[in-house]
1. In the set 121, 93, which member is more than 14 Å from the chain's Cα centre (by Cα) and not in a loop (DSSP other than H, G, I, E, B)?
2. Can we say residue 33 is more than 15 Å from residue 82 (Cα to Cα) and open to solvent by 20 Å² or more (accessible area, probe 1.4 Å)?
3. Check 71, 63 and return the single one that is part of a strand (DSSP E or B) and modelled with pLDDT of 95 or more.
4. What tally of residues in region 48-68 results from selecting those that are within 15 Å of residue 119 (Cβ to Cβ) and under 11 Å from the mean Cα position of the chain (by Cα)?
5. Kindly indicate whether any position in region 101-110 is within 12 Å of the chain's Cα centre (by Cα), among the hydrophobic types (A, V, I, L, M, F, W, C), within 14 Å of residue 8 (Cβ to Cβ) and surrounded by 14 or more Cβ atoms within 10 Å (Cβ to Cβ).
6. Quick check, is residue 113 within 15 Å of the chain's Cα centre (by Cα), crowded, with 22+ Cβ neighbours inside 10 Å, at pLDDT 95 or above and not small (Gly, Ala, Ser)?
7. So residue 92 passes all but one of these: (1) over 23 Å from residue 29 (Cβ atoms); (2) out of contact with any Asp or Glu (no Cβ under 9 Å at 6 or more places or on another chain); (3) not acidic (Asp, Glu). Which condition number does it fail?
8. From the list 16, 26, 56, exactly one residue is part of a loop (DSSP other than H, G, I, E, B), open to solvent by less than 40 Å² (accessible area, probe 1.4 Å) and touching a residue at least 24 places away in the same chain (Cβ under 8 Å). Which is it?
Amino acid sequence: QVQLVESGGGLVQAGGSLRLSCAVSGSAFSTYTMGWFRQTPGKEREFVALIARFTGITSYDDSVKGRFTISRENDKNTLYLQMNSLKPEDTAVYYCAATPNTYSYTASQYHHWGQGTQVTVSS
């Protein structure tokens, strides 16, 4: 059973930075493509970034490209999301997720999810 636990959310002013972490239990971490998604009330969960299994290739939504960086440490079973130049529209609950598929951009393709961490960016 794969379990994911996010941390690092909080309140930050516009232009500031936060780093989210996602600790993953289990020995198969390196075999999963890992993703970050976010969700605001009344909206569907939306793709933010992914880092592919084995190759470490990354992909970002256009709204965060150049500001956010996804990374992973396979020996620590940990996923990260470095968020810089934060904007009020980045305010959301952020979720990490795992999938055995190499490139997955929709929430339905991810099999395992964390509980989410709130990020609030004030103007």
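The values are calculated or read from the model by the stated rules, or taken from the named source; none is laboratory data. Bear in mind the structure is a predicted one, so any value in this text is a computation, not a measurement. Because the Cβ atoms are built from the backbone with ideal geometry, glycine has one as well, and the counts that use them run over all protein chains shown. Surface areas here come from the heavy atoms of the whole protein model, side chains and all, with no ligands, DNA or RNA. Shrake-Rupley method; radii C 1.70, N 1.55, O 1.52, S 1.80 Å.
1. The match here is 121.
2. Considered against the rule, which asks whether it is more than 15 Å from residue 82 (Cα to Cα) and open to solvent by 20 Å² or more (accessible area, probe 1.4 Å), residue 33 comes out as no.
3. None of the other options fit; the residue is 71.
4. Looking only at that region, the number is 3.
5. No: region 101-110 contains no residue that is within 12 Å of the chain's Cα centre (by Cα), among the hydrophobic types (A, V, I, L, M, F, W, C), within 14 Å of residue 8 (Cβ to Cβ) and surrounded by 14 or more Cβ atoms within 10 Å (Cβ to Cβ).
6. no
7. (2)
8. 16
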